[in-house]
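The values are calculated or read from the model by the stated rules, or taken from the named source; none is laboratory data. None of the values given here were measured: they were computed from a predicted structure. So basically every Cβ, Gly included, is an ideal-geometry build from the backbone, and we count neighbours across all protein chains shown.
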Amino acid sequence: MKRFWHEATVAEVENGWQVQLDDRAVRTQGGRAQVIPSRALAEALAAEPAADVLERACQLPSAPSAAIYN
């Protein structure tokens, strides 16, 4: 699958941290913003090659990380 973004970054939000792809927040399948509780975990998800893993996880029918953190 071809990536659709150029840059994965981490931004601080009200209840934690968010991974952003080209300045757009990653969302759960339900459409809610995915909020990560720790900066270290958010940075790990945003880092290459973990960004490719995040892309696949967002496409799963039930992504466990999305259920835990949201």
Inset, instruction - Mind listing whichever residues of the stretch 8-44 are within 8 Å of the chain's Cα centre (by Cα) and polar (S, T, N, Q)? - result: GLN18, GLN20, GLN34
Inset, instruction - Check the stretch 52-64 and report whether any residue there is at pLDDT 90 or above and not in a helix (DSSP H, G or I). - result: no
Legend entry - Among (1) part of a helix (DSSP H, G or I); (2) surrounded by fewer than 14 Cβ atoms within 10 Å (Cβ to Cβ); (3) modelled with pLDDT under 90, the one test that ALA40 misses: (3)
